[in-house]
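Following: one structure in structure tokens, then a few remarks.
The values are calculated or read from the model by the stated rules, or taken from the named source; none is laboratory data. Keep in mind that what you see is a predicted model, and the values were worked out from it rather than measured. Note: ideal-geometry Cβ built from the backbone for every residue, glycine included; neighbour counts use all protein chains shown.
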């Protein structure tokens, strides 16, 4: 009985988040009402407020889901090959491609600082992005391609660079061109920071 009630509650929560994600991605936070989420999800108002104290709390749940998915996609690209720098470059490229998606821009880049605040936005970056970047730079340090002791800072630096690159793309008039510029600049930065492979 208890398990069934929990499963129904989880299913309702998932339905609400899915509907909210689509609406936040299409219209942005300010233009999405709780009423629109209820209509799209088919959930009762009481059910929504059982799971989320406010529209901001609902947005936070959507934001975390999106960040986790983006990081997983970029991380998969960054593990696809055998060469560490090429993998890091592939992960960065995947992230910048995803930053061209208007829904990603609204949910991950444009609305979060006003809705959940910079500290929470940063916390999610650290939770979902930094681990993979740290692992990549630690491997590069073991290969002698970045100085030992600097790998943690370099991971933080690249995390910040990729976020700024994504914002550069999101605010550009010609986003495709901005994406190409950002990608070339990140490649250049990595070429300057990381030494050639030994051998």
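Descriptive notes on the structure:
For (1) in contact with a helix residue (DSSP H, G or I) (Cβ under 6 Å, 6 or more places away or on another chain); (2) within 15 Å of residue 12 (Cα to Cα), each residue gets a yes or a no:
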{"site": "43", "(1), (2)": "yes, yes"}
{"site": "46", "(1), (2)": "no, yes"}
{"site": "52", "(1), (2)": "yes, yes"}
{"site": "56", "(1), (2)": "yes, no"}
{"site": "68", "(1), (2)": "yes, no"}
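- Whichever residue in segment 34-60 is within 17 Å of residue 114 (Cβ to Cβ) and touching a residue at least 12 places away in the same chain (Cβ under 8 Å) and, among such residues, is surrounded by the fewest Cβ atoms within 10 Å (Cβ to Cβ): 56
- Residue within segment 65-74 that is under 22 Å from the mean Cα position of the chain (by Cα), modelled with pLDDT of 95 or more and farther than 25 Å from residue 134 by Cα present: no
- Of the candidates 15, 6, the single residue that is outside the structural domain of residue 144 (by TED's automatic domain parsing) and either modelled with pLDDT of 95 or more or not in a helix (DSSP H, G or I) (or both) is 15.
- Residue 151 meets all of the listed conditions (1) under 23 Å from the mean Cα position of the chain (by Cα); (2) surrounded by 17 or more Cβ atoms within 10 Å (Cβ to Cβ); (3) in contact (Cβ under 8 Å) with a residue 60 or more places away in the chain but one, namely (3).
- Lone unmet requirement of (1) under 19 Å from residue 182 (Cβ atoms); (2) out of contact with any helix residue (DSSP H, G or I) (no Cβ under 7 Å at 6 or more places or on another chain); (3) not in a helix (DSSP H, G or I) for residue 144: (1)
- Top-ranked residue of segment 168-199 - restricted to ones that are assigned to a loop (DSSP other than H, G, I, E, B) and touching a residue at least 24 places away in the same chain (Cβ under 8 Å), ranked as nearest to residue 98 (Cα to Cα): 194
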